[in-house]
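Here the structure comes first, spelled out in structure tokens, and everything after it is commentary.
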Amino acid sequence: QVQLVEFGGGLVQAGGSLRLSCVASGTFLRINTMGWYRQAPGKQRELVASITRGGTTNYADSVKGRFAIARDNAKNTVSLQMNSLKPEDAGTYYCNAGLKTSWLRDESDYWGQGTQVTVSS
């Protein structure tokens with residue numbers, strides 16, 4: 001059973017910082033791309049940032065220069081450092097990972113349960 005668990009959400013004032021972390025546990029062979037998505041009320045879930053196993057990163061235009069994604073392959077973790085937060089960054093943040101659980105199958109997408117980020121103006 002594979003599980004992604006997020007940590008670090010909370011309430012912060014605009015201009016402040018938060019750090020989200022996610023750890024993958026369970027039985028799998030390899031974690032490929034990991035990422036963070038967010039969903040604001042009434043809006044679709046959107047990609048915030050992703051990072052490949054090799055460390056190549058991708059960011060939504062709205063967070064470039066403010067957020068930084070990193071991963072530790074040995075610890076099966078991914079983090080998102082969020083600086084200069086804006087009210088529009090608020091939402092539920094979800095950890096995502098493409099996991100290879102069998103050499104006979106393609107990778108599967110896994111999601112965390114979500115962690116709430118609230119930014120007060």
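Values as computed for the structure displayed
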item	result
Where a residue in segment 98-121 is within 18 Å of residue 41 (Cβ to Cβ) and its partner, wherever it lies, is modelled with pLDDT of 95 or more and assigned to a loop (DSSP other than H, G, I, E, B), with Cβ under 6 Å and at least six apart	117/90; 118/90; 119/14; 119/85; 119/90; 121/14
Enumeration of residues in segment 81-95 that are outside any loop (DSSP other than H, G, I, E, B), crowded, with 21+ Cβ neighbours inside 10 Å and not hydroxyl-bearing (Ser, Thr, Tyr)	82, 89, 91, 95
Sole exception among (1) touching a Leu at 6+ places or on another chain (Cβ under 9 Å); (2) exposed (fewer than 14 other Cβ atoms within 10 Å of the Cβ); (3) hydroxyl-bearing (Ser, Thr, Tyr) for residue 37, by number	(2)
Positions within segment 40-58 being at positive phi, open to solvent by less than 60 Å² (accessible area, probe 1.4 Å) and either out of contact with any strand residue (DSSP E or B) (no Cβ under 8 Å at 6 or more places or on another chain) or among the aliphatic types (A, V, I, L, M) (or both), in sequence order	none
Output for segment 37-95, where each listed residue is among the β-branched types (Val, Ile, Thr), closer than 18 Å to residue 111 by Cβ and in contact with a helix residue (DSSP H, G or I) (Cβ under 8 Å, 6 or more places away or on another chain)	48
Segment 62-80 - residue that is among the polar types (S, T, N, Q) and in a strand (DSSP E or B) and, of those, farthest from residue 23 (Cα to Cα)	79
Count of residues meeting criterion [under 21 Å from residue 31 (Cα atoms) and touching a Leu at 6+ places or on another chain (Cβ under 9 Å)] in segment 46-64	4
Hits in segment 11-34 (condition: over 16 Å from residue 66 (Cβ atoms) and surrounded by 12 or more Cβ atoms within 10 Å (Cβ to Cβ))	11, 21, 22, 23, 24, 26, 28, 30, 31, 32, 33, 34
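The values are calculated or read from the model by the stated rules, or taken from the named source; none is laboratory data. Quick caveat, the model's predicted, so the values are computed rather than measured. FYI the Cβ positions are ideal-geometry reconstructions off the backbone, even for glycines, and counts take in every protein chain you see. With ligands, DNA and RNA removed, areas are computed over all heavy atoms of the protein, side chains included. Shrake-Rupley method; radii C 1.70, N 1.55, O 1.52, S 1.80 Å.
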